[in-house]
Structures are given as structure tokens and as C-alpha cells.
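Chemist: This is the structure I have questions about; it appears just below.
The values are calculated or read from the model by the stated rules, or taken from the named source; none is laboratory data. In this text the structure is predicted, and so the values were computed from the model without any measurement. Here the Cβ positions follow ideal geometry from the backbone for every residue, glycine too, while neighbour counts run over all protein chains shown. To get the accessible areas, we keep the full protein, side chains included, count just its heavy atoms, and leave off ligands, DNA and RNA. Shrake-Rupley method; radii C 1.70, N 1.55, O 1.52, S 1.80 Å.
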Amino acid sequence: IIGPWMTFGTGTNTKYATKSIAGGGGSIGGFTGTGVTDATLSSINSATTNYDVSGSNTGPTFTVSATANTFRYIGSPNGSVTFTLASGINLTTNGIMNADTGGGTLTIANTGVGLGSVVIGSSNELNLIGASAPISIAAPITNNGATPGFVTITGPNAVTLAAVNTFTGGITVNTGATLSIGSGGALSGAVVG
């Protein structure tokens with residue numbers, strides 16, 4: 001993909017953008033990621049891989065820490081889904097996109113305060129993209145180390161930060177996007193731009 005910030009298409013057809021090198025110097029198109037179901041979350045284990053996650057489970061749980069370049073939820077007809085980070089389990093990624101075909105909210109939560117985090121990926125950026133439906137991050141967002149991490153919010157659907165976050169760096173709300181704050185500590189340490 002060109003980067004976790006650039007998309008191609010709209011609504012449920014939104015994908016991360018890629019540049020084709022075939023004929024005429026190439027063109028921009030949508031990237032199809034590595035398919036994963038909510039029953040096989042343990043296969044999300046590569047910082048250079050872009051994952052397209054689907055399934056029908058309304059309460060999938062990460063039981064091992066997961067690492068991805070990007071995490072794109074393509075959903076199911078069942079509507080909203082909550083991915084839960086079990087005790088001590090983290091999801092490390094540069095991008096989370098909700099392109100749910102059912103139009104439901106994508107929530108990433110944990111089983112209790114401080115027991116699982118969304119960790120900003122190795123590029124020190126986390127792009128939250130509400131492509132076809134909202135996103136709620138109900139687990140703390142943390143840096144991947146001492147280096148500041150940056151969060152970007154992209155619409156058109158709202159993104160909610162519902163936990164007390166510990167990342168330090170900047171947060172950018174792109175034109176047309178809506179950031180909702182669900183916790184008094186959601187922007188702790190962050191500079192809003």
C-alpha cells in the first residue's frame with residue numbers, strides 16, 4: 001500500500017490505496033489485504049502485512065498479541081462488533097479502518113483498565129478511518145516506545161476515543177472527520193492539530 005493514511009473508494013468499498021506498476025507507469029487502485037476471519041486472529045502477526053478481517057462472531061477476542069501494518073475490518077451482516085484484547089494482550093498497528101458491510105460500529109476494547117492496549121505501529125503513526133461506519137477505541141492507545149506517536153482521525157464516520165490514553169505526540173482530525181471523546185484522559189499527552 002502507499003501508506004496507512006491513503007485510501008481508495010468510498011463506503012464499504014474503501015480500501016488502502018496501492019499503485020499498480022502495470023502499463024503506462026501505473027495507476028492508483030484499492031489494495032486487497034491478507035484475509036483473516038475473526039476465528040483466526042492469531043494469524044495477525046506481521047508488521048509488514050495488511051489484513052482484511054471478516055467474520056460473523058459478535059464478540060471475537062485476541063488471546064495473543066497481534067501485529068499488523070494495517071487492520072481493515074470488512075465485517076459481516078450482523079452489524080456492530082467488539083474485538084476484545086484479553087489480559088496483557090496488545091494490538092500493534094499503523095492503521096485501523098472500518099469498512100463493515102453491515103454498517104456497524106467497530107469497537108476495540110479490553111477486559112479491564114490497563115489490561116490490553118492499541119499500540120501505535122513502527123511508523124509511529126496510527127490512522128483511524130471510519131470509512132463505512134464508526135470506530136470506537138475503548139482500550140488505551142500507547143506509544144511503541146519512547147518515541148512520540150501520532151494519531152490521525154479520518155471520516156466520514158465518527159471515531160471515538162473512549163479510554164484513558166497514554167500516547168504522547170500529535171492528533172490530527174482531517175477535514176470531514178469527527179472525533180468524539182469518551183474519557184477525560186482520552187487526549188492526555190497529545191497535541192491536537
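Chemist: Can you work out which of the residues in region 61-92 that are part of a loop (DSSP other than H, G, I, E, B) and of a type in the set (A, V, I, L, M, F, W, C) is farthest from Tyr51 (Cα to Cα)? Break it down into steps so the answer makes sense when it comes.
Modeler: Looking only at region 61-92, we keep the residues that are part of a loop (DSSP other than H, G, I, E, B), and these are 63-65, 76-80, 86-90.
Then keep just the ones that are of a type in the set (A, V, I, L, M, F, W, C); that gives 64, 86, 89.
Numbers: Val64: 16, Ala86: 20, Ile89: 18 Å.
Residue satisfying both the conditions and the ranking: Ala86.
Chemist: Follow-up question, since we're still on this one. Just one of the numbered conditions (1) modelled with pLDDT of 90 or more; (2) under 23 Å from Leu161 (Cβ atoms); (3) of a type outside the set (S, T, N, Q) is not true of Gly33; which one?
Modeler: (2)
Chemist: Residues of region 43-52 being open to solvent by less than 60 Å² (accessible area, probe 1.4 Å) and in contact (Cβ under 8 Å) with a residue 12 or more places away in the chain, which ones? Explain how you work it out, then say what you get.
Modeler: To start, the set of residues in region 43-52 that are open to solvent by less than 60 Å² (accessible area, probe 1.4 Å) comprises 43-44, 46-47, 49-52.
Scanning region 43-52 gives Ile44, Ser46, Ala47, Thr49, Asn50, Tyr51, Asp52.
Chemist: Another question, if that's okay. For region 93-170, which fully contained strands (runs of 3 or more DSSP E) count at least 2 residues that are open to solvent by 10 Å² or more (accessible area, probe 1.4 Å)?
Modeler: Details: elements: 95-98, 106-110, 118-120, 125-129, 135-138, 150-154, 159-161.
Correct list: 106-110, 135-138, 150-154.
Chemist: Could you look through region 1-23, keep only residues that are free of Cβ contacts under 8 Å to residues at least 24 places away in the same chain and of a type outside the set (A, V, I, L, M), and pick out the one that is least open to solvent (accessible area, probe 1.4 Å)? Lay out the reasoning, then the answer.
Modeler: The first filter runs over region 1-23 and keeps only residues free of Cβ contacts under 8 Å to residues at least 24 places away in the same chain, leaving 3, 6, 8-9, 17-23.
From what's left, of a type outside the set (A, V, I, L, M): 3, 8-9, 18-20, 23.
Values: Gly3: 4, Phe8: 91, Gly9: 44, Thr18: 37, Lys19: 109, Ser20: 48, Gly23: 66 Å².
For region 1-23, the residue satisfying everything is Gly3.
Chemist: Any idea which residue in region 177-189 is modelled with the lowest pLDDT, counting only those that are open to solvent by 60 Å² or more (accessible area, probe 1.4 Å) and not polar (S, T, N, Q)?
Modeler: Gly184
Chemist: State whether one or more residues within region 6-20 are β-branched (Val, Ile, Thr), over 15 Å from Leu91 (Cα atoms) and part of a helix (DSSP H, G or I).
Modeler: Within region 6-20, the first condition is being β-branched (Val, Ile, Thr), and the residues that meet it are 7, 10, 12, 14, 18.
With the extra rule that they be over 15 Å from Leu91 (Cα atoms), the set shrinks to 7, 10, 12, 14, 18.
Among the residues that remain, those that are also part of a helix (DSSP H, G or I) are: 12.
Yes.
Chemist: Only one of these is open to solvent by less than 30 Å² (accessible area, probe 1.4 Å), over 17 Å from the mean Cα position of the chain (by Cα) and either of a type in the set (Ser, Thr, Tyr) or farther than 21 Å from Ile120 by Cα (or both): Gly26, Gly55. Name it. Can you show your working first?
Modeler: Numbers: Gly55 fails: over 17 Å from the mean Cα position of the chain (by Cα).
Matching residue, one of Gly26, Gly55: Gly26.
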